[in-house]
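So the structure is just underneath, and the comments pick up after that.
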Amino acid sequence: MHHSLHTLTFDNRFARLTDDFHTRVQPTSLPDPYLISYSPAAADLLALNPAVFDRPDTLQILAGNQTLPAMQPLAMLYAGHQFGHYVPQLGDGRALLLGEVCTAGQHWAWHLKGAGITPYSRHADGRAVLRSSIREYLASEALAGLGIPTTRALSLVGSPQLVYREQPETAATVLRLAPSFVRFGNFEIFYYRQQSQQLKTLADYVIRHDYPALAGQPQPYLALLQAVITRTADLIAAWQLVGFAHGVLNTDNMSILGLTLDYGPYGFLDRYDPDFICNHTDQTGRYAFSAQPGIGLWNLHCLAQALLPLLDPEPDAAAEQARAALQTYEPRLQHRYAAGMQHKLGLATHQADDATLSANLLTLLHTQQVDYTCFFRQLSYLTQAQMQQADTPVQQLCREPAACTVWLTRYRQRLQAEHSDDTSRQARMQQHNPKYILRNYLAQQAISQAEQGDFSLINRLLAVLTSPCAEHPTEDTLASLPPAWAGEITVSCSS
Ligand code: AMP
Ligand code: MG
C-alpha cells in the first residue's frame, strides 16, 4: 500500500510520557524552503508514495512550517557525558520529535533536525546548516546501505535563511527516522537527579516498546543493559570493519537501540590509519578511529551506572551484576569483528592462523598507506592465479608492492588450504566489501555544488551509497581514490 502523509497512522508514544521527559515545542518556520533530496529507500520504510514529495504541503511539513494534525511535536530531555565530562542537561536543542508513525507493523519516530529553538537550545540558534545536513543525510543512508544499524534520513530541505557559524551559511532540515531516539543520556539525567521513579518509567517504556522480549525476564533491567551492550558491541564492530569513525561519541549520541546516531564530524577512512581523528575539535584523539571500541565500553559504563538503582536494591549486588554484563562487551565485539574480517577476506572456514593473517594485513595497510576500501574491493577482483603476479591492482595500491606480495602469497596459501573456489569467493567478497563509501572529499564536493544550487551530486551519491556493493558502471568515478586535496579537509563540531 502506498501512503500519502494524510493516511499515515500516528501513535505518539513518547508524547504520552509525562512532561518529566520532554517539552512540547512547535517547529519554528523556515522561509522559502526547497526540497533538495528525499531517500526512496527511507520512503519505502513508511510505504510512502513517492508522489508525496512533489506536493507543496509535504515540503512545508519537511521544513517544519506545518505539522500534520496527528503530530505532537516535542523536544526530548537528556543529559550526557561530553568528552568525558558530565553535562547535567542537554536535550533536543535543534531537533524535534514530530510524531511517531505506525506502518506495516513497524514504528518510526520522525525527528526533524534544524527545526528551531527549544528550551534546550542554550545559547544556540536551533538550526542546522546546509553543509552538516547534507553530511547527515548522506551518511545515514550510506550506513543503512552498508547494512549498519543507523537512524535513517527521509528528506533534506534547504532554505535561504542565514545561519551564523564561522561565516554566514544557509539553514536546512533533515527528517530523521528511527524506532526510537532515546539515548544513554535520557537515562543518565534521571540517575544524576536521583529521580528513580522517572528512571524506572523510562526503562519500562524502552523495554515495552523496543525490547518486548525482555519484559517477561526475571531481571528485565539487567536484560536491557545486556541487550544494549550486545547491540553496541555489534555496532562498533561494524564501524571498525567498514572504516567509519563517528567523531563525537558522547553518551548523548549513543542510541539505546544500538543505532548510529547524530552524524557530525564523522569520517570514513581513506588510507588505513588506526590513529585517524576525523573531528578537528578532538585534539586528544579521544574519539580516534581505533579508540571507538574502548569508548563504546566507557559509554556503556555510564549507562550501567545510570541503571544501577534498577538492578538491585543492594548497591554491591547491583554493581556486580553490571560488571558481569559489561565483561561480555569485549569478547562480543572481537567475535563480531573477526567474523566480519573472515567475510571481507572471503574465507569460508575458520583456521587457527586467521587472526594473524588479518592482523598482518592491517599492519601492511597502515605501513604502506593503503586505501582501506579500495584494497578490499580490488582484492575481491583477483583470482588465485592473479595473486601470484607481481603487479596487480592490489599491489599498485601499496607504496612498496613487494611488501604486499608477501602477504598475498600467504593469503593465497590460506585460500588453497580451504580449496577456495574463485568465482563463489569473489561473489561473496563483493557482497562484504563496498565499492562506494561516503569519502569526505565526495561529501565536500556535494556540499560545494549544493551551495551553488546544484544538487545532482547529492542524488548521484545517494543512489550508489544505497547499494554500495553493486558495480554502478557509469559511476566509477565515485569509487576512485581520493584526490590529494582530500587530506586537507577539516570537519569540526560546528554544524
Ligand atoms: P551534538 O554535539 O550535535 O550532539 O549536540 C550537543 C547538544 O547541543 C545537543 O543538546 C544539541 O541539541 C545542542 N545543539 C547543537 N547545535 C545546536 C544549535 N545550533 N542550536 C541549538 N542546540 C544545539
Ligand atoms: Mg547530539
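Computed from the coordinates by the stated procedures, all read-outs in this text should not be read as laboratory data. Quantities reported herein were computed from a predicted structural model and do not represent experimental measurements. Virtual Cβ from ideal backbone geometry, glycine too; neighbours counted across all protein chains shown.
Each residue of region 202-212 is assigned a 3J(HN,Hα), and the resulting list reads 5, 4, 4, 4, 5, 5, 4, 8, 10, 10, x Hz, derived from the Karplus form 6.51 cos²θ - 1.76 cosθ + 1.60 (θ = phi - 60°), x at Gly and Pro.
Residues M429, M76, arranged from fewest to most other Cβ atoms within 10 angstrom of their Cβ, appear as M429, M76. Taking each DSSP H run with n ≥ 4 as -39500 (n - 2.57) and averaging over every residue of the chain yields -13000 deg cm²/dmol at 222 nm.
Loop-located GluC sites (Glu not before Pro) in region 166-235 (DSSP state not H, G, I, E or B) with no more than 14 neighbouring Cβ atoms inside 10 Å: E166. Cα centroids of region 2-69 and region 296-355: 37 Å apart. Close amide H partners of T150, meaning residues 5 or more places away or on another chain with modelled amide H under 5 Å apart, are T260. Normalised by 2.2 N^0.38 Å, where N is the number of residues, the alpha-carbon radius of gyration of region 260-323 equals 1.52.
Straight-line reach from K344: taking Cα to Cα under 16 Å and skipping same-chain neighbours fewer than 8 places apart, the lysines in range are K435. Rounded to the nearest 10 degrees, the inclination of helix 292-311 to the longest alpha-carbon principal axis of the chain is 40 degrees.
Residues whose amide H falls under 5 Å from that of V87, counting only those 5 or more places apart or on a different chain, are G80, H81, Q82, with hydrogens built in the peptide plane. FRET efficiency for Q386 and R323, Cβ-Cβ distance as r, R0 = 60 Å, nearest 0.05? Here the calculated transfer efficiency is 0.75. In the chain, the DSSP beta bridges split such that about 95 percent are antiparallel, to the nearest 5. Divide the volume of the convex hull around the Cα atoms of the chain by the residue count and you get 155 Å³ per residue.
In order along region 370-382, the phi-based Karplus estimate (6.51 cos²θ - 1.76 cosθ + 1.60, θ = phi - 60°) of 3J(HN,Hα) comes to 8, 5, 5, 5, 4, 4, 5, 5, 5, 4, 5, 7, 7 Hz; Gly and Pro are listed as x.
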